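The values are calculated or read from the model by the stated rules, or taken from the named source; none is laboratory data. Note that this is a predicted model, so its numbers are computed, not measured. Don't worry about glycine lacking a Cβ; one is built from the backbone with ideal geometry, like all the others, and counts go over all protein chains shown. The area values use the complete protein model at the heavy-atom level, side chains included, leaving out ligands, DNA and RNA. Shrake-Rupley method; radii C 1.70, N 1.55, O 1.52, S 1.80 Å.
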Amino acid sequence: MTTKPRPIYVIVKAFSLFLLINLLYALIKPPVADISVYNTLVPGLERMPFGNSHDPYTVTMDNVDAMFAAHKISAKKASNEIRVALIGDSSVWGDSLSSHVTLAAQWNQLGMQCGGKQIKVYNLGYPHPSIIKDLIFIDEVKAKQPDVVIWFVTLNTLMNQDRLNPFLTGNSQRVLQMLDEYHIPFAPRETLAESDAGFYQTTLMGQRSFLARWLRLQALGLVWSAVGDDVHSPIKYSETPGSLDVIKDPNYRTLPPGSDLRESLLLTALDAGHQLAGKAPLLMVNEPIFVATGMHSEIRYNDLYPRWAYDQYRELLAAQALSNSWAYLDLWNTIPLKDFIDTGLHLHPNGEKLLAEKLNPALLSMVCP
Amino acid sequence: MSVLQVLILACVAILVNQLNKGRSFVLLGVSALVIYWIHPVQDSITLTFWIPTFTLMLTVIFWLITSTLEVRSWKQNWGAVLVLLGVVILVDLNRYFQITSLFIADTPRVQLVLVALLGFAIVSFLLSRVKKFLAIVFVVATLGLVAMLVLLKIPSALTTLIETVISLRGKDAGEASVISWLGFSYVAFRLMHTAIDRNAGRLKAVTLAEYVNYVIFFPAFSAGPIDRLERFSRDLNEPISVNWLVAGSRLFKGLFKKFVIADGLAWFALSDILFPNVHSAAWMWFFLYAYSLRIYFDFSGYTDMAIGLGMLLGVQLPENFDAPYLKPNLTQFWNSWHMTLTQWFRSYFFNPLTRFMRSSKISLPIWLLIFVTQLVTMMLIGLWHGITWGFLLWGAWHGVGLFVQNRLSEWMRPRVAAWNNTPRREAILKYSGIFFTFHYVTLGWLFFFLPNPYMAWNVMLKLFGAA
């Protein structure tokens with residue numbers, strides 16, 4: 001004879017099971033981020049996964065382990081391969097561009113070889129300008145045996161931030177470790193330390209956002225491998241930005257003209273980046289910017305940078321590179337206006353190709369002396 | 001609706017369920033509040049307040065039209081009037097409370113709302129006095145509802161109308177870009193059902209509380225099913241007897257289908273963004289299957305949630321799906337897909353049209369009669385989703401499919417009967433029927449979800465390797 005289940009027992013059992021599963025997850029700490037369908041069931045990604053709210057077939061992943069596990073740089077390095085890693089922000093990642101026309105993709109299309117070895121360029125850009133994020137990437141890429149690391153920086157990258165972003169909070173322990181080890185005076189360090197994972201964050205409930213995005217990332221592997229790209233609605237960019245005018249504001253963020261930027265830039269992080277690269281030669285590049293020619297262009301280069309701040313930044317960067325004997329290229333004004341898709345840092349596919357061609361001799365001199 | 005919203009509504013339903021007295025009024029207040037709560041924020045912000053208010057006003061007007069003097073007394077309805085007025089004013093007062101997690105704070109000025117309510121009260125009073133020409137009032141109200149539905153289903157027409165109104169008020173017409181009236185398609189069909197049945201003398205008049213509860217019953221407000229008033233009213237007036245496990249498991253089944261299966265399938269579902277990037281026919285089929293399954297799990301998941309929530313409130317909503325993709329022919333598919341909508345169209349359009357055509361002086365051959373009635377009904381079902389070429393063609397696709405299946409089964413029946421004499425052959429027939437029906441329906445979705453028929457045609461060519 002079967003007895004009718006009592007709802008209260010069902011609820012109590014369900015709640016107990018829920019607690020148990022959460023506790024077990026927190027205790028076992030399964031290495032979910034290291035598990036990936038990429039480079040095994042489906043090809044590795046051309047670039048880091050990054051979401052676009054208008055595109056349902058994208059996902060933002062801010063866990064470094066999961067990001068690298070999905071990237072094709074995690075595939076085994078071939079014996080006849082010279083591996084080049086590009087580190088940077090959205091301009092390296094290829095904002096609004098198909099993954100086939102980014103800087104790395106177009107560079108690879110040049111088909112470079114050296115001593116019978118194929119030079120392969122990997123896009124490790126991520127659409128978030130943060131030097132701390134770059135340090136994490138440089139540290140992570142070491143395990144992927146790069147032969148050269150090319151690090152793209154710009155003024156926004158080096159600015160000490162006043163706010164945290166999901167990438168930094170998502171990798172808080174690693175970021176804090178990095179800040180302490182290299183004595184980097186990152187402004188929101190304390191906020192980051194406070195947001196660092198408590199026990200709840202290690203439970204299944206605490207990890208649900210990461211797990212949902214991780215699952216979606218794995219699922220999208222099927223879609224991306226089917227269509228051969230990771231972005232399905234690249235914007236229809238015009239040949240040139242609509243306006244060559246810039247805003248009249250002479251300030252850089254909250255800083256008035258004439259401020260000393262040394263206080264605001266995380267210059268110590270540059271040294272950390274060179275140390276982290278280890279044996280791999282590192283080329284630092286000041287990335288190209290849009291140089292406006294229209295109204296108020298005597299005040300600003302573009303909507304991001306006033307002239308006084310950007311000029312000071314370039315001087316500081318060049319001096320730092322010179323004093324440390326770093327390999328450094330300043331390409332700030334090398335790309336013509338027509339090869340940008342906006343009045344900031346983002347290049348048109350033609351601009352990416354041009355940039356690859358301009359960087360190529362420097363790369364060859366490093367890998368093929 | 002989000003998972004959190006559904007769970008909050010489940011808790012509310014459990015609390016309402018505990019009431020021995022006044023359940024109908026509390027449910028009315030809750031449903032009225034919920035339609036404000038779940039309504040999407042509009043570009044023209046005060047419309048977020050006015051649209052649910054119009055829904056309530058429209059419902060009250062239809063109650064006045066469909067009710068009789070016996071159920072219209074103040075004694076029977078003062079409670080419902082106070083609850084509805086209270087909800088409208090309470091929501092409007094959020095401009096002072098500023099509880100933005102529940103509702104927008106940019107509600108209209110209280111004076112304006114009070115004037116609108118006063119105007120509405122005068123119109124309602126006058127309507128309640130109408131004793132002659134009731135048939136004309138029914139027809140005008142029903143046609144007015146159809147006109148509103150048509151207007152809402154043509155986004156460009158509605159936008160133009162709103163922009164004109166805004167311009168006439170001397171404001172920037174750019175304010176109105178898109179408006180969405182959550183649940184109106186279902187509300188309109190419930191109202192039409194009551195108006196038509198009342199006019200035909202088939203419907204018993206009910207009190208204001210019962211009527212408004214039926215139209216805006218929160219579990220079924222945004223995605224159906226479309227219940228019938230007399231059935232709903234019976235459940236509402238009976239003492240509650242809830243099987244908690246059945247209700248709970250139905251609710252969680254719905255949550256799982258919608259938020260796990262359907263939302264997971266959305267990652268692979270074909271769309272206008274994805275299809276230009278898919279170059280292989282095999283992958284195109286894969287993504288189309290994902291879409292086909294996704295739309296089923298999404299919609300039937302919502303229905304399960306609605307039925308589960310309804311059960312918690314003591315109301316057994318009608319079923320809307322019955323394993324439609326496992327049906328061996330298109331007729332059976334339509335008897336098990338969005339069943340309450342097809343039943344509605346059968347009752348109020350297909351059957352009357354068939355009767356009219358049969359009784360008309362022009363004698364049509366039976367095949368032509370079947371073709372016309374099925375095609376027109378299915379095209380209307382298509383247009384109910386939105387007035388676009390895609391929806392019209394989707395309806396036509398099914399109308400033609402039903403006709404062909406009808407004729408083919410007539411032709412095949414005697415021929416198959418002799419062959420279909422072993423269980424194995426029966427199974428072959430059944431499963432090949434399921435296979436063809438599923439694929440016919442799945443191909444039809446292309447017209448449904450792609451922005452224009454040209455794209456749908458292109459995908460169809462790609463699917464069969466012709467492009």
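Going through region A:28-45 one residue at a time, which ones are over 15 Å from A:Leu215 (Cα atoms) and hydroxyl-bearing (Ser, Thr, Tyr)?
A:Thr40
Take the residues in region B:155-192 that are assigned to a loop (DSSP other than H, G, I, E, B) and modelled with pLDDT of 85 or more, then tell me which one is surrounded by the fewest Cβ atoms within 10 Å (Cβ to Cβ).
Here the answer is B:Leu182.
Would you check if A:Pro185 is of a type outside the set (A, V, I, L, M, F, W, C), without any contact (Cβ under 8 Å) to a residue 60 or more places away in the chain and within 16 Å of A:Leu266 (Cβ to Cβ)?
Details: of a type outside the set (A, V, I, L, M, F, W, C): yes; without any contact (Cβ under 8 Å) to a residue 60 or more places away in the chain: no; within 16 Å of A:Leu266 (Cβ to Cβ): yes.
Judged against the criteria, A:Pro185 is not a match.
Consider only pairs whose beta carbons are under 8 Å apart and that are at least six residues apart or on different chains; among these, list those whose first residue lies in region B:96-110 and is on the phi > 0 side of the Ramachandran plot and whose second residue is open to solvent by less than 30 Å² (accessible area, probe 1.4 Å) and in a loop (DSSP other than H, G, I, E, B).
Pairs found: B:Gln98/B:Ala105.
Do you know which of the residues in region B:421-444 that are of a type in the set (S, T, N, Q) and in a helix (DSSP H, G or I) is surrounded by the fewest Cβ atoms within 10 Å (Cβ to Cβ)?
Restricting to residues being of a type in the set (S, T, N, Q) and in a helix (DSSP H, G or I), the top hit is B:Ser432.
Has region B:258-275 got at least one residue that is within 30 Å of B:Val3 (Cβ to Cβ), modelled with pLDDT of 95 or more and away from chain A (no Cβ under 14 Å)?
Looking for residues that are within 30 Å of B:Val3 (Cβ to Cβ), modelled with pLDDT of 95 or more and away from chain A (no Cβ under 14 Å), one finds at least one in region B:258-275, hence yes.
Do we find that A:Lys338 is under 22 Å from the mean Cα position of the chain (by Cα) and open to solvent by 20 Å² or more (accessible area, probe 1.4 Å) in this structure?
Here the answer is no, as A:Lys338 does not meet what is asked.
Take the residues in region A:185-212 that are closer than 18 Å to A:Leu164 by Cβ and either at pLDDT 95 or above or open to solvent by 70 Å² or more (accessible area, probe 1.4 Å) (or both), then tell me which one is farthest from the other protein chains (Cβ to nearest Cβ).
Selected residue: A:Pro185.
Restricting to region A:241-298, what's the tally of residues that are in a loop (DSSP other than H, G, I, E, B) and open to solvent by less than 60 Å² (accessible area, probe 1.4 Å)?
Of region A:241-298, the ones in a loop (DSSP other than H, G, I, E, B) are A:241-251, A:253-254, A:256-260, A:264, A:266-267, A:278-281, A:287-298.
When the remaining residues are screened for being open to solvent by less than 60 Å² (accessible area, probe 1.4 Å), the result is A:241, A:243, A:246, A:250-251, A:259, A:264, A:266-267, A:278, A:280-281, A:287-292, A:294, A:296-297.
The number of residues fulfilling the criteria is 21.
Quick check, is A:Ser91 surrounded by fewer than 19 Cβ atoms within 10 Å (Cβ to Cβ) and within 17 Å of A:His346 (Cα to Cα)?
Working: surrounded by fewer than 19 Cβ atoms within 10 Å (Cβ to Cβ): no; within 17 Å of A:His346 (Cα to Cα): yes.
So A:Ser91 fails the test.
Residue under question is B:Ala141, and the condition is that it be within 22 Å of the chain's Cα centre (by Cα) and touching a residue at least 24 places away in the same chain (Cβ under 8 Å); does it hold?
On the way: within 22 Å of the chain's Cα centre (by Cα): yes; touching a residue at least 24 places away in the same chain (Cβ under 8 Å): yes.
It is true that B:Ala141 is within 22 Å of the chain's Cα centre (by Cα) and touching a residue at least 24 places away in the same chain (Cβ under 8 Å).
Out of the residues in region B:94-111 that are in a helix (DSSP H, G or I) and within 23 Å of B:Ile38 (Cα to Cα), which is most open to solvent (accessible area, probe 1.4 Å)? Write out each step before concluding.
Of all residues in region B:94-111, those in a helix (DSSP H, G or I) come to B:94-97, B:110-111.
Narrowing the set further to residues that are within 23 Å of B:Ile38 (Cα to Cα) leaves B:94-97, B:110.
Numbers: B:Asn94: 9, B:Arg95: 73, B:Tyr96: 143, B:Phe97: 114, B:Val110: 30 Å².
Step by step, filter region B:94-111, then rank; the result is B:Tyr96.
Being within 19 Å of B:Ala32 (Cβ to Cβ) and exposed (fewer than 12 other Cβ atoms within 10 Å of the Cβ), is that true of even one residue in region B:119-140?
Scanning region B:119-140, I find no residue that is within 19 Å of B:Ala32 (Cβ to Cβ) and exposed (fewer than 12 other Cβ atoms within 10 Å of the Cβ), so the answer is no.
So which helices (runs of 4 or more DSSP H) stay within region A:115-191 end to end and still have 2 or more residues that are among the polar types (S, T, N, Q) and within 20 Å of A:Arg262 (Cα to Cα)?
Those helices (runs of 4 or more DSSP H) span A:155-158.
Looking at region B:276-316, which of its residues are part of a loop (DSSP other than H, G, I, E, B) and either more than 9 Å from chain A (Cβ to nearest Cβ) or farther than 19 Å from B:Phe449 by Cβ (or both)?
Within region B:276-316, B:His279, B:Ser280, B:Leu313, B:Gly314, B:Val315, B:Gln316 qualify.
Among the numbered conditions (1) more than 19 Å from the chain's Cα centre (by Cα); (2) among the charged types (D, E, K, R); (3) in a strand (DSSP E or B), tell me where A:Lys76 comes up short.
Result: A:Lys76 fails condition (3) only.
Looking at B:Lys258, B:Lys204, which one is in contact with an Asp or Glu (Cβ under 7 Å, 6 or more places away or on another chain) and open to solvent by 50 Å² or more (accessible area, probe 1.4 Å)? Give the steps one after another, and end with the answer.
Working: B:Lys258 fails: open to solvent by 50 Å² or more (accessible area, probe 1.4 Å).
The conditions single out B:Lys204.
Out of curiosity, is B:Ile38 surrounded by fewer than 19 Cβ atoms within 10 Å (Cβ to Cβ), more than 26 Å from B:Asn237 (Cβ to Cβ) and either among the basic types (Lys, Arg) or in contact (Cβ under 8 Å) with a residue 24 or more places away in the chain (or both)?
yes
Does any residue of region B:445-454 turn out to be buried (at least 19 other Cβ atoms within 10 Å of the Cβ), in contact with a helix residue (DSSP H, G or I) (Cβ under 6 Å, 6 or more places away or on another chain) and over 25 Å from B:Ala266 (Cβ atoms)?
Scanning region B:445-454 turns up no residue that is buried (at least 19 other Cβ atoms within 10 Å of the Cβ), in contact with a helix residue (DSSP H, G or I) (Cβ under 6 Å, 6 or more places away or on another chain) and over 25 Å from B:Ala266 (Cβ atoms).
Inspect region A:81-101 for any residue being over 28 Å from A:Leu355 (Cα atoms) and assigned to a loop (DSSP other than H, G, I, E, B) and give the result as yes or no.
The first filter runs over region A:81-101 and keeps only residues over 28 Å from A:Leu355 (Cα atoms), leaving none.
No, region A:81-101 has no match at all.
Every residue, every condition in (1) in contact with a Phe, Trp or Tyr (Cβ under 6 Å, 6 or more places away or on another chain); (2) open to solvent by less than 60 Å² (accessible area, probe 1.4 Å); (3) in contact (Cβ under 8 Å) with a residue 12 or more places away in the chain; (4) within 14 Å of another protein chain (Cβ to nearest Cβ), yes or no:
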position	(1), (2), (3), (4)
A:Ile8	no, no, no, yes
A:Ile21	no, no, yes, no
A:Leu27	no, no, no, no
A:Ile35	no, no, yes, no
A:Pro43	no, no, yes, no
A:Pro49	no, yes, yes, yes
A:Asp55	no, yes, yes, yes
A:Thr58	no, yes, yes, yes
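Starting from region B:428-446, take each residue that is among the small types (Gly, Ala, Ser) and list its partners that are part of a helix (DSSP H, G or I), counting only C-beta distances under 8 angstrom and pairs at least six apart or across chains.
Short answer, once both residue conditions are applied: B:Gly444/B:Trp394; B:Gly444/B:Trp397; B:Gly444/B:His398; B:Gly444/B:Gly401.
All but one of (1) within 14 Å of chain A (Cβ to nearest Cβ); (2) within 24 Å of the chain's Cα centre (by Cα); (3) open to solvent by 30 Å² or more (accessible area, probe 1.4 Å); (4) small (Gly, Ala, Ser) hold for B:Gly248; state the number of the condition that does not hold.
All conditions are met except number (3).
For region A:319-335, name all the residues that are part of a helix (DSSP H, G or I) and open to solvent by less than 40 Å² (accessible area, probe 1.4 Å).
We begin by selecting, within region A:319-335, every residue part of a helix (DSSP H, G or I); these are A:319-324.
Passing the criteria: only A:Ala321.
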